[in-house]
Amino acid sequence: MTPDQEAADYGYLTTIGRVTGRPHTIEIWFARHGGTVYLLAGDGANSDWCRNVEENAAVEFVVDDEIVGRRASPVTDPAEDALARRVVVGKYQAGYGEDLTEWRDDATPFAVDLG
């Protein structure tokens, strides 16, 4: 992932629908830390994309028209959970007009492996 990609406002996550088997793409905030991109599901793990990832970890995560990740998973480790929340909110809070603390605390973190 290039510095320009890392700084992009949005990424695009394509999952495979667990019912339809069809690709399902969403636009989402993200932040990179090391070899991982973190996403926060604002609607919690009940979002369609979250349930799709839990059913099938094979995804495409695209930034600036380039696939940068192909595998996603829910974050279950408490330390990684805290890191995911911190890096995503850290990327967006300064440019966002409202406090993201409640969203940060309520969202469900997911990890996308880069490469």
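Values as computed for the structure displayed
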item	result
THR25-ALA45 pseudo-label distance in nm [points 7 Å out on the Cα-to-Cβ vector]	2.8
Local net charge near ARG86, Cβ-Cβ under 11 Å (Lys/Arg +1, Asp/Glu -1)	+1
Label-point separation in nm, GLU6 to ARG71, each point 7 Å along Cα→Cβ	2.2
Environment charge of ARG51, counting only residues whose C-beta is closer than 12 Å and scoring Lys/Arg +1, Asp/Glu -1	-3
Loop-located chymotrypsin sites (Phe, Trp or Tyr not before Pro) in segment 22-115 whose Cβ has at most 15 other Cβ within 10 Å (DSSP)	TYR96
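Here, each number is a calculation from the coordinates, and none is a lab measurement. Owing to the predicted nature of the structure, the values given are computational and were not obtained by experimental measurement. Using ideal geometry, Cβ is built from the backbone for each residue, glycine included, and neighbour counts are taken over all protein chains shown.
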